[in-house]
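Here the structure comes first, spelled out in structure tokens, and everything after it is commentary.
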Amino acid sequence: LRCWSNIPFITVPLSRTHGKSFAHRSELKHAKRIVVKLGSAVVTRGDECGLALGRLASIVEQVSVLQNQGREMMIVTSGAVAFGKQRLRHEILLSQSVRQALHSGQSQLKDMAIPVLEARACAAAGQSGLMALYEAMFTQYSICAAQILVTNLDFHDEQKRRNLNGTLHELLRMNIVPIINTNDAVVPPPEPNSDLQGVNVISVKDNDSLAARLAVEMKTDLLIVLSDVEGLFDNPPGSDDAKLIDIFYPGDQQSVTFGTKSRVGMGGMEAKVKAALWALQGGTSVVIANGTHPKISGHVITDIVEGKKVGTFFSEVKPAGPTVEQQGEMARTGGRTLAALQPEQRAEIIYCLADLLTDQREEILLANKKDLEEAENKGRRLALPLLKRLSLSTSKLNSLAIGLRQIAASSRDSVGRVLRRTRVAKDLELEQVTVPIGVLLVIFESRPDCLPQVSALAIASGNGLLLKGGKEAAHSNQILHHLTQEALSTHGVKDAVQLVNTREEVEDLCRLDKLIDLIIPRGSSQLVRNIQKAAKGIPVMGHSEGICHVYVDTDASVEKVTRIIRDSKCEYPAACNALETLLIHRDLLRSPLFDQIIDMLRVEQVKIHAGPKFASYLTFSPSEVKSLRTEYGDLECCIEVVDSVQEAVEHIHKYGSSHTDVIITENEKTAELFLQHVDSACVFWNASTRFSDGYRFGLGAEVGISTSRIHARGPVGIEGLLTTKWLLRGDNHIVSDFSEHGSMKYLHENLPLPQRNTN
């Protein structure tokens with residue numbers, strides 16, 4: 001791993017036979033030869049006089065990173081006219097001021113008029129300065145750049161075309177970055193109607209067509225076109241209905257309305273699309289993206305090459321199913337229909353799914369067997385805890401079915417429940433009622449049993465649902481999702497639950513803030529942290545770590561201690577609610593109880609790590625723990641010593657993750673102090689940490705355990721997937737009637753709530 005500035009890169013061998021364009025964004029990382037086209041709006045300042053130096057420096061840095069990875073980079077640049085205009089304006093102002101000073105003494109210089117500057121003259125004056133700037137910037141990364149000026153005639157003359165091709169190949173062979181531009185000092189004006197003439201001919205009338213022609217001529221893998229818009233929209237950018245098109249396919253032009261061209265430059269978006277489609281037809285992949293946005297321009301090129309969802313990707317291969325954006329819209333529409341069903345109808349769907357889990361047991365286990373075999377045989381052998389999570393069994397499916405029936409039974413009064421009623425004034429009544437959050441995105445690893453659990457909770461709460469499972473559970477997830485949609489079809493809401501099977505990276509999904517209302521990650525602490533970091537404007541509900549503590553007090557019962565510790569650590573060590581740190585009161589260190597704890601852990605083959613204080617009491621101690629904030633997820637735990645219950649609470653607050661913490665004691669006063677002062681989602685007295693679970697709490701199931709302090713906390717069931725809205729019913733009421741001299745008075749009387757259905 002090496003690093004230029006703040007952008008890391010890895011030198012990797014790149015090889016690809018040119019012929020067909022890439023079908024998916026994820027393949028762009030294999031691009032070896034890349035053309036980056038910089039539009040006039042990207043290179044120039046807002047006043048069109050001079051260059052956007054900071055933006056240009058960032059682009060050069062990204063190109064240098066990719067060049068030093070072993071790729072062959074070429075730049076098609078605009079900017080000579082703008083740079084020349086700046087220089088010529090300066091020269092004209094200077095000469096005018098000198099003449100006026102000579103002829104009229106101290107006359108007013110502010111009245112000087114600057115003549116309209118001819119573009120060819122500006123280009124001639126700006127080319128050398130633009131190239132000098134590029135050379136200076138690339139020199140900072142030990143990269144040499146070379147300038148090539150071309151016109152349309154250079155491509156029509158066979159000998160010139162061969163010469164150009166040979167020059168470019170030789171420069172690339174010597175690890176030099178060619179900087180290519182149309183020779184605007186001599187180029188004739190573009191001929192009307194001189195446009196794309198088929199696969200073999202494209203008129204070089206602007207830098208878009210030049211970049212496309214060059215990309216095909218040089219058998220380039222990828223053409224990146226940077227402009228001042230995010231990509232291609234189905235309507236002119238800025239209009240109310242405009243939506244960014246993630247992937248554009250040949251033949252989709254009819255679905256697009258083109259707007260005006262950018263503030264500078266020769267071509268608009270229509271010219272870019274035509275050039276992109278021509279390049280695509282010639283075997284070069286194309287991405288059109290924004291090179292001016294301050295938040296993304298510093299990494300837009302490297303993001304595109306890494307396969308991230310940036311701009312519009314042009315592809316010749318249409319996916320078999322809907323895009324993730326379409327799935328999000330389907331989940332939104334399906335979720336609203338689901339929420340409009342009667343509670344009994346939503347319950348019927350969940351009961352049907354529970355029956356299908358047991359009726360189709362053999363098919364589910366067969367699919368799960370395929371996943372387990374592939375996990376073991378394809379060279380990506382999973383760790384034992386992950387294999388346990390991946391595995392399904394008859395007993396697991398039976399437990400799932402029982403949990404789903406619990407959800408169905410408890411869901412009849414969830415959506416639309418009145419929480420508060422207030423008589424604001426005469427004939428003006430206000431209600432606060434529960435409603436679904438909207439569309440949930442649940443991302444889970446190696447846990448196919450999560451799919452029906454989460455689906456049932458989404459159905460019960462009337463939410464649309466997008467599911468993204470790990471590829472290691474693909475077969476299991478597919479059949480479980482099929483059964484979920486079969487159950488949903490009984491009331492015509494099949495689309496409410498969608499399984500994302502496209503190649504979307506999790507980071508890209510987290511950017512769909514217009515489609516997703518809440519993200520719930522289910523998996524490793526690293527997965528949760530990555531999602532929390534990647535989420536752009538979408539709330540994330542979950543916990544990044546499950547560092548659960550058990551504190552053994554001096555008044556602990558001998559009979560209870562080993563049972564609770566064994567269950568907390570050994571019953572399912574991979575679970576997020578398993579014991580990770582055992583806190584022992586100092587007075588118990590040399591007691592028979594302590595020996596029993598150690599003996600039990602050894603019998604269960606639990607590897608012990610010593611905390612700093614515990615290690616100081618021992619002559620020969622286990623390996624000292626590297627960090628007291630460790631989630632082992634296996635048969636390992638840390639033992640640390642504390643002097644009091646207050647110190648145990650302080651330790652938990654400092655090193656815990658606010659998940660689940662336990663005290664074992666017979667002293668009620670000590671227990672209550674612990675229960676009231678430990679600031680975690682779940683705090684238990686004389687009970688295993690493993691009780692921190694939606695099913696065991698009687699919620700039927702959970703979408704996860706939240707350690708946040710806003711909205712839902714602890715095991716999250718149906719209630720955690722609901723929000724509220726306010727309903728105000730009036731009769732010609734207006735606010736001015738309640739003013740000082742108005743005729744109405746506020747009452748704000750609390751009204752009784754309607755009786756809940758407890759059947």
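The table below gives the values:
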| item | result |
| --- | --- |
| Segment Lys536-His156, extension gain: residue separation times 0.36 nm, minus the distance between their alpha carbons | 132.0 nm |
| Area of Lys426 that stays accessible when all protein chains are in place (1.4 Å probe, Å², to 10) | 140 |
| Separation in nanometres of the label points that stand 7 Å from Cα toward Cβ, at Thr358 and Thr337 | 3.0 |
| Debye intensity ratio in log₁₀ form over the Cα atoms of the stretch 324-534, taken at each q of 0.11, 0.16, 0.18 Å⁻¹ | -0.54, -1.06, -1.28 |
| Within-14-Å neighbourhood charge of Ser557 [Cβ basis; K, R +1; D, E -1] | -3 |
| Surface per residue (accessible, 1.4 Å probe) for the chain, Å² | 46 |
| Percent breakdown of C-alpha pair distances by 10 Å bin, ordered from the shortest bin, for the stretch 548-702 | 12, 45, 36, 6, 1 |
| Within straight-line cross-link reach of Lys369, aspartates and glutamates at Cα separation under 19 Å, skipping those fewer than 8 residues along the same chain | Asp359, Glu445, Asp449, Glu472 |
| Pairwise centroid distance, computed over Cα atoms, of the stretch 284-349 with the stretch 123-178, Å | 38 |
| Nearest-10 value in Å² for the accessible area of Val506, using the 1.4 Å probe | 40 |
| Against the rule of thumb 2.2 N^0.38 Å, how large the Cα Rg of the chain comes out | 1.22 |
| Modelled FRET efficiency - R0 51 Å, His293 with Glu486, Cβ distances, 0.05 increments | 0.70 |
| Eligible lysines near Lys318 by straight Cα distance, threshold 22 Å, same-chain separation 8 or greater | Lys20, Lys29, Lys243, Lys272, Lys274, Lys308, Lys309, Lys468, Lys471 |
| Highest average packing first - 82-95, 162-175, Cβ atoms within 10 Å | 82-95, 162-175 |
| Contour minus Cα-Cα distance for Ala57 and Ala136 (0.36 nm per residue) | 27.4 nm |
| Accessible area of the chain belonging to carbon and sulfur atoms, whole % at 1.4 Å probe | 51 |
| Residue order for Trp278, Trp685, Trp726 - accessible surface, 1.4 angstrom probe, largest first | Trp726, Trp685, Trp278 |
| Segment Ile92-Gln526, extension gain: residue separation times 0.36 nm, minus the distance between their alpha carbons | 150.2 nm |
| Förster radius 51 Å - calculated FRET efficiency between Asn667 and Ala242, Cβ distance, rounded to 0.05 | 0.20 |
| Whole-number percent relative contact order across the chain, with pairs defined as alpha carbons under 8 Å at least 6 apart | 11 |
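The values are calculated or read from the model by the stated rules, or taken from the named source; none is laboratory data. Since the model is a prediction, treat every value here as computed from it, not as a measurement. Reconstructed Cβ throughout: ideal geometry from the backbone, glycine too, with neighbour counts over all protein chains shown. What goes into the accessible areas is simple: the full protein's heavy atoms, side chains included, and nothing from ligands, DNA or RNA. Shrake-Rupley method; radii C 1.70, N 1.55, O 1.52, S 1.80 Å.
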